[in-house]
Structures are given as C-alpha cells and as structure tokens.
Amino acid sequence: MVNMRQIGIMGGTFNPIHTGHLMLAEWVRDELNLDEVWFIPTGSPYMKDTGDILPGRERLHMVELAVFDNPFFKCLDMEVVREGRTYSYETLEQLKAAYPEDTFYFIAGADCLFTLDSWKYPDRILRNCILAAAVRGDVSLKEMEAKKEELEQKYCSPEGIKLISFLQMSVSSTEIRRRILQGHSVRYLVPDRVIAYMEEKGYYREKSK
C-alpha cells in the first residue's frame, strides 16, 4: 500500500530564517494536520536583488540549525544545488514527479495571493500543490477571499487554495539584518543556534556594497 502523505512546503530566501517562519510552518502543520513541513531555501531568487543575500549553502545551513529539534521539519537543498534562477513551479514539479502520491501544501503569507499572478507560471504552481495562505490582520479576510476566488477561477479548483488564520506578526528578515547592522539584539527573533552561527561568521554586520 502506498503511503500517501500531506507535506507542507516552506520556501523562501531565509536571509536569515527567523521565528516568524518557524511559527507559520508549525501553525499550518497543526491546522492542516500535515505529516511534515519541508523547508526549501531558494538558490538564486529571480525576484530579488542578490546583492544582499548570503550564499545558498550558508542560508541552507542556518535553516538546518533552526529546524534541528522539530521532528516534523526537515530542510532540502534542491534549490540551492540547482543551477540558474530559482522558480517555485520547477521545484513543485520536481517534488510531484518524485512523490506522485503525496499532496503538497505551499505555505505562504497573505501577500503571496496578491502577487501570484506575477510569478513564473502560476498555473503550473497550483497544478502541483494546494496554496496555504496565512490570513493576518494587515489584509482583510474579505479581500483575501475575493482574491482566492479570482485565482481559483483562473488556475485551479475551489480546493486549490486554503486560507489559514494566523497571528499578526511584523518580524522580517530585512528588519533582522538592519538590527544586526546597527548592533542591536535579535534574541527571540532568531533561534539561538542561528544567532550563534551568524555571530561566528560575522554575517550582516556590514552592509553589502
């Protein structure tokens, strides 16, 4: 008998990973009763300036440190080792080809719903996963439900997108980098093991040129 799993996919630059990422992953895992959540750091993200982004292997290692003690979390290097720009549709197609019996849930913030049309091949993304979008206080539920319906009509069935209630959080990797640059504490914003590694390497203490 084939073991059919429900797998969450947590993609992102993770520059660096922070507690907001971990809380969202755990929240969605619990809400949807997922078997696991796979963190997949981007290699070379096509929608971001790579000048301020640490090398993929370093960001991958920080994610590994962050998820180390959660038996439901694991980290994959598939985007870091892939050559060229990183596209979510390629990752999801690769996962679905390797694990055809599993159901994948692409975990994302509320903003993802409103930018998905600008992503590379959104139809191919939603063909291979269910989008689990976090509902937070900065975007109204009515707006998200309207956008959800619009996207489903264009790309997938009504079951292709799920809205997940989540806490209002303002923590971001950008803010964390700014605080480190200014010499401020990021304790409780970033897992202790990741902080220790960043301090050892001197990451984010100087602004990229």
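Could you give me the residue pairs with C-beta distances under 6 Å whose first residue belongs to the stretch 27-38 and is touching a residue at least 60 places away in the same chain (Cβ under 8 Å) and more than 15 Å from LEU163 (Cα to Cα), whose second residue is part of a helix (DSSP H, G or I) and of a type in the set (Lys, Arg) wherever it lies, and which are 6+ apart or on separate chains?
From the stretch 27-38, the pairs are VAL37/ARG29.
Output the number of the condition that ASP77 fails; it satisfies all remaining conditions of (1) in contact with a strand residue (DSSP E or B) (Cβ under 9 Å, 6 or more places away or on another chain); (2) open to solvent by less than 70 Å² (accessible area, probe 1.4 Å); (3) in contact (Cβ under 8 Å) with a residue 40 or more places away in the chain; (4) over 23 Å from LYS162 (Cβ atoms).
Unmet for ASP77, out of (1) in contact with a strand residue (DSSP E or B) (Cβ under 9 Å, 6 or more places away or on another chain); (2) open to solvent by less than 70 Å² (accessible area, probe 1.4 Å); (3) in contact (Cβ under 8 Å) with a residue 40 or more places away in the chain; (4) over 23 Å from LYS162 (Cβ atoms): (3).
Please go through (1) in contact with a strand residue (DSSP E or B) (Cβ under 9 Å, 6 or more places away or on another chain); (2) modelled with pLDDT under 90; (3) open to solvent by 50 Å² or more (accessible area, probe 1.4 Å); (4) not hydrophobic (A, V, I, L, M, F, W, C) for SER157 and return the number of the only condition it doesn't satisfy.
With (1) in contact with a strand residue (DSSP E or B) (Cβ under 9 Å, 6 or more places away or on another chain); (2) modelled with pLDDT under 90; (3) open to solvent by 50 Å² or more (accessible area, probe 1.4 Å); (4) not hydrophobic (A, V, I, L, M, F, W, C) applied to SER157, the lone miss is (1).
What single numbered condition from (1) of a type in the set (Gly, Ala, Ser); (2) open to solvent by 30 Å² or more (accessible area, probe 1.4 Å); (3) touching a Cys at 6+ places or on another chain (Cβ under 7 Å) fails to hold for SER118?
It is condition (3) that SER118 fails.
Any residue in the stretch 125-144 that's among the polar types (S, T, N, Q): show its pairings with residues that are open to solvent by 10 Å² or more (accessible area, probe 1.4 Å) at Cβ separation under 8 Å, as long as the two are six or more apart or on different chains.
So the pair list comes out as ASN128/TYR89; ASN128/GLU93; ASN128/LYS96.
What number of residues within the stretch 10-19 satisfy the criterion of being surrounded by fewer than 22 Cβ atoms within 10 Å (Cβ to Cβ) and under 17 Å from PHE106 (Cβ atoms)?
3
Scan the stretch 132-145 and tell me whether some residue there is modelled with pLDDT of 95 or more, part of a helix (DSSP H, G or I) and closer than 23 Å to GLY20 by Cβ.
Scanning the stretch 132-145, I find no residue that is modelled with pLDDT of 95 or more, part of a helix (DSSP H, G or I) and closer than 23 Å to GLY20 by Cβ, so the answer is no.
Could you list, ordered by first residue, the pairs with Cβ atoms under 6 Å in which the first is in the stretch 85-111 and touching a residue at least 12 places away in the same chain (Cβ under 8 Å) and the second is open to solvent by 20 Å² or more (accessible area, probe 1.4 Å) and among the aliphatic types (A, V, I, L, M), at least 6 apart or interchain?
GLU101/VAL2; GLU101/MET4; TYR105/ILE130; ALA110/VAL139
Could you please tell me which pairs satisfy a Cβ distance under 8 Å, a separation of 6+ or placement on different chains, a first residue in the stretch 181-201 that is within 23 Å of MET23 (Cα to Cα), and a second residue that is polar (S, T, N, Q)?
TYR188/THR19; LEU189/THR19; VAL190/THR19; PRO191/THR19
Each row is one residue, and each column tells you yes or no for (1) surrounded by 21 or more Cβ atoms within 10 Å (Cβ to Cβ); (2) among the small types (Gly, Ala, Ser); (3) in a loop (DSSP other than H, G, I, E, B); (4) out of contact with any Cys (no Cβ under 6 Å at 6 or more places or on another chain).
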position	(1), (2), (3), (4)
TRP27	no, no, no, yes
ILE40	yes, no, no, yes
GLU64	no, no, no, no
ASN70	no, no, yes, yes
LYS96	no, no, no, yes
PHE106	yes, no, no, no
LEU126	yes, no, no, no
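Among the residues of the stretch 80-89, what is the count of those that are open to solvent by less than 80 Å² (accessible area, probe 1.4 Å) and under 21 Å from SER173 (Cβ atoms)?
Final tally of qualifying residues: 4.
Within the stretch 72-94, track down each residue that is farther than 30 Å from ALA196 by Cβ, assigned to a helix (DSSP H, G or I) and not aliphatic (A, V, I, L, M). Quick ask: steps written out before the conclusion?
Step one: list which residues in the stretch 72-94 are farther than 30 Å from ALA196 by Cβ, which gives 83-85, 87-90, 92-94.
Restricting the remaining residues to those that are assigned to a helix (DSSP H, G or I) gives 88-90, 92-94.
Hits for the stretch 72-94 are SER88, TYR89, GLU90, GLU93, GLN94.
The values are calculated or read from the model by the stated rules, or taken from the named source; none is laboratory data. Note that the coordinates shown come from a computational prediction; the quantities given were computed from them, not determined experimentally. Cβ: placed from backbone, ideal geometry, glycine included. Neighbour counts: every protein chain shown. Only protein heavy atoms, including side chains, enter the accessible area calculation; ligands, DNA and RNA are left aside. Shrake-Rupley method; radii C 1.70, N 1.55, O 1.52, S 1.80 Å.
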